[in-house]
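Have a look at the structure below before the remarks.
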Amino acid sequence: MLNTNNNVIIALDEGTTNAKAVALDGQGNVIAKFSQPLTIQTPREGWVEQSGEMLVSASLNVISQAIAHVGANNVAGLAISNQRETAIGWYRHTGKPLNAAITWQCSRSADFCESLRHNRLEEKIKTITGLPVAPLFSASKMRWLLESIPQGLQLAQQGEICLGTIDSWLLWNLTGGEQFACDYSNAARTQLLNLHNGQWDDEMLNIFHLPRIALPTIKPSSGLFGYTRGLPLIPDGLPILSMIGDSHAALFGHALGELGRVKATYGTGSSVMAPVRTPQSTVQALATTVAWHDGQHLVYGLEGNIPHTGDAVAWMVNSTGLNDLAEPALAERLNTLPASVDSTLGVYFVPALTGLGAPWWDDRARGTICGLSRGVTQAHLIRAALESIAYQITDVVDAMRQHDDFSLNALMVDGGPTKNDWLMQFQADLLGCPVMRSNVAELSAIGAALLARKALDHLSQEELSAFSARHHTFQPDMARHECLQERWRGWQQAVERTRWQPPSTNHS
């Protein structure tokens with residue numbers, strides 16, 4: 001039996017650039033939060049990776065800080081939201097990683113994905129898993145991890161290697177190696193889950209050359225995953241009550257899956273997700289996925305993933321000399337600079353820095369700045385970078401309109417870039433619908449905590465709604481909405497320029 005006298009949930013949000021721990025009281029209020037930055041390595045063009053040990057160390061550090069702050073006796077349990085699609089492998093008996101964790105941004109498996117398309121397997125893969133072929137997803141990364149070590153496949157077939165997403169890696173370490181599991185939302189992002197029966201799919205395992213024994217057990221997103229064990233500064237016996245991919249957690253945290261409430265998480269990259277009733281999708285440019293399993297039901301989601309949104313602004317900040325500013329001063333400049341000019345003077349920045357995600361799915365595309373003229377200033381370039389976020393979100397929403405179940409009453413937003421009021425108003429005007437920004441920044445942590453609270457107290461959906469976050473609404477200017485449609489068409493032409501490939505050169 002779980003001890004329900006203690007009412008604090010510690011939610012870990014393990015992202016790409018930061019590990020955060022958020023403590024929430026029995027009313028769902030954030031009472032403390034701790035953060036630690038994470039580093040990213042890019043050893044080759046298109047490769048993006050992180051140290052698995054670093055991810056664990058940072059996560060345990062922020063969790064222990066949160067526990068110390070609220071008192072271990074007041075902690076009812078832990079919740080985990082995590083960066084999705086990032087894949088890691090480790091030796092089952094030692095817990096040592098095979099290699100660095102391959103992040104969701106990494107395109108090292110692009111050639112293998114191209115071979116799948118060449119062999120006309122994309123339609124089959126999309127039908128079974130709901131996901132288009134792209135190096136974003138975990139399966140091709142897991143295949144690479146096995147190939148990166150001697151006899152990798154053989155060792156995996158013998159049960160000596162674990163392959164997982166970051167939730168399973170964190171759970172393994174939190175429980176001292178006792179639990180090897182993932183939740184449905186993370187499993188759905190591997191390209192190995194049969195969306196229709198909720199099980200690892202034999203045909204997909206064969207296509208990607210991965211043995212079932214190397215994969216974690218799939219469990220509901222809300223429920224008991226195991227107990228902490230053998231960790232310094234973290235007591236033994238704390239229950240882990242939820243695990244869920246960060247974008248799915250944010251959707252749950254915003255509106256508990258209410259139809260018409262579409263979620264956009266603005267981070268390093270972005271996920272746009274809409275709740276839908278069925279796993280069927282005829283929208284080829286988007287992914288159909290499991291949003292979560294709440295302990296009773298599977299809930300599906302229609303999603304588009306964008307690799308570079310906040311990352312695009314960071315790149316432009318570095319390139320225009322603003323990177324020396326302290327964070328508060330930089331945030332102010334990012335609000336005032338785009339408002340200081342009436343337009344970008346025709347400049348478009350398409351940040352295909354490691355390729356294009358939804359709805360284009362072109363991993364060979366590369367970024368471009370087009371429309372430069374002599375009068376373009378730093379303000380125009382910064383505005384172009386911020387506009388690129390809104391355009392990419394709108395591209396995905398436009399593709400979603402092809403789905404029979406799709407409706408849009410409001411765009412629910414979260415993530416660091418949403419603090420920029422100028423960007424939020426531009427997004428509302430461009431889409432022509434209200435943009436609702438959570439008053440709490442840590443929506444992924446909130447969503448994971450709500451799922452943990454549901455498991456802890458056996459709450460209904462109605463009872464959970466009392467814990468939902470409040471929002472600030474940006475209403476669209478419909479006259480400006482009409483004017484911005486021409487700008488959006490210009491953006492789409494700029495996107496096509498990133499997809500041009502130079503002719504190959506033969507060196508003699």
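Each value in this text was obtained by applying a stated rule to the coordinates, not by laboratory testing. Just so it is clear, the structure is predicted and the values come from calculations on it, not from any experiment. Positions of Cβ are backbone-derived with ideal geometry, glycine not excepted, and every protein chain shown enters the neighbour counts.
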### Task
Provide the net charge surrounding residue 411, with neighbours chosen by a C-beta distance below 11 Å and charges set as Lys +1, Arg +1, Asp -1, Glu -1.
+2
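Beyond 16 Å, what share of the Cα-Cα pairs of the stretch 356-438 is found? Please give it as a whole percent.
Of all Cα-Cα pairs in the stretch 356-438, 61 percent lie more than 16 Å apart.
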### Task
Express the relative contact order of the stretch 307-396 as a whole percentage, based on alpha carbon pairs under 8 Å and six or more residues apart in sequence.
37 percent
### Task
Could you let me know the centre-to-centre spacing of the stretch 51-115 and the stretch 393-413, using Cα atoms, in angstrom?
31 Å
### Query
Using alpha-carbon positions, what is the distance between the centroids of the stretch 419-487 and the stretch 155-226, in Å?
31 Å
### Task
Kindly rank 71-79, 440-448 from highest to lowest mean number of other beta carbons found within 10 Å of each residue.
440-448, 71-79
### Message
Regarding the chain, what's the average projected area of the Cα-atom convex hull, expressed in nm²?
### Response
24.3 nm²
### Only Lys, Arg (+1) and Asp, Glu (-1) charged, at Cβ; the chain dipole about Cα centre in debye
480 debye
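Determine the relative contact order of the stretch 8-254: mean sequence separation of Cα pairs under 8 Å and six or more apart, normalised by residue count, in whole percent.
Relative contact order for the stretch 8-254 comes out at 19 percent.
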### Message
Using amide H atoms built in the peptide plane, which far-off residues or other-chain residues are under 5 Å from residue 355 H to H?
### Response
367
### Summary
In order over the stretch 478-491: 3J(HN,Hα) from phi, Karplus 6.51/-1.76/1.60, θ = phi - 60°, whole Hz, x for each Gly or Pro, gives 5, 5, 5, 3, 5, 5, 6, 5, 5, 4, 5, 5, x, 4
### Query
residue 219's amide H: which non-local residues (gap 5+, or another chain) put their own amide H closer than 5 Å, with H modeled 1.01 Å from N in plane and none for Pro or chain starts?
182, 183, 184
### Relative contact order [Cα under 8 Å, 6+ residues apart], the chain, whole percent
15 percent
#### Entry: Within the chain, helix-based [θ] at 222 nm, where runs of 4 or more DSSP H residues each add -39,500 (n - 2.57), nearest 500
-10500 deg cm²/dmol
### Message
If you consider only alpha-carbon coordinates, what radius of gyration and Dmax does the stretch 8-254 have, in Å?
### Response
17.7, 57
### Query
To the nearest Å, what is the center-to-center distance of the stretch 281-357 and the stretch 19-46, using C-alpha atoms only?
18 Å
### Summary
Quick calc, residue 18 & residue 404: beta-carbon distance into FRET formula, R0 51 Å, rounding 0.05, result 0.85
### Task
Kindly count the pairs of lysines across the chain whose alpha carbons are less than 26 Å apart, treating pairs on different chains or eight or more residues apart as eligible.
22
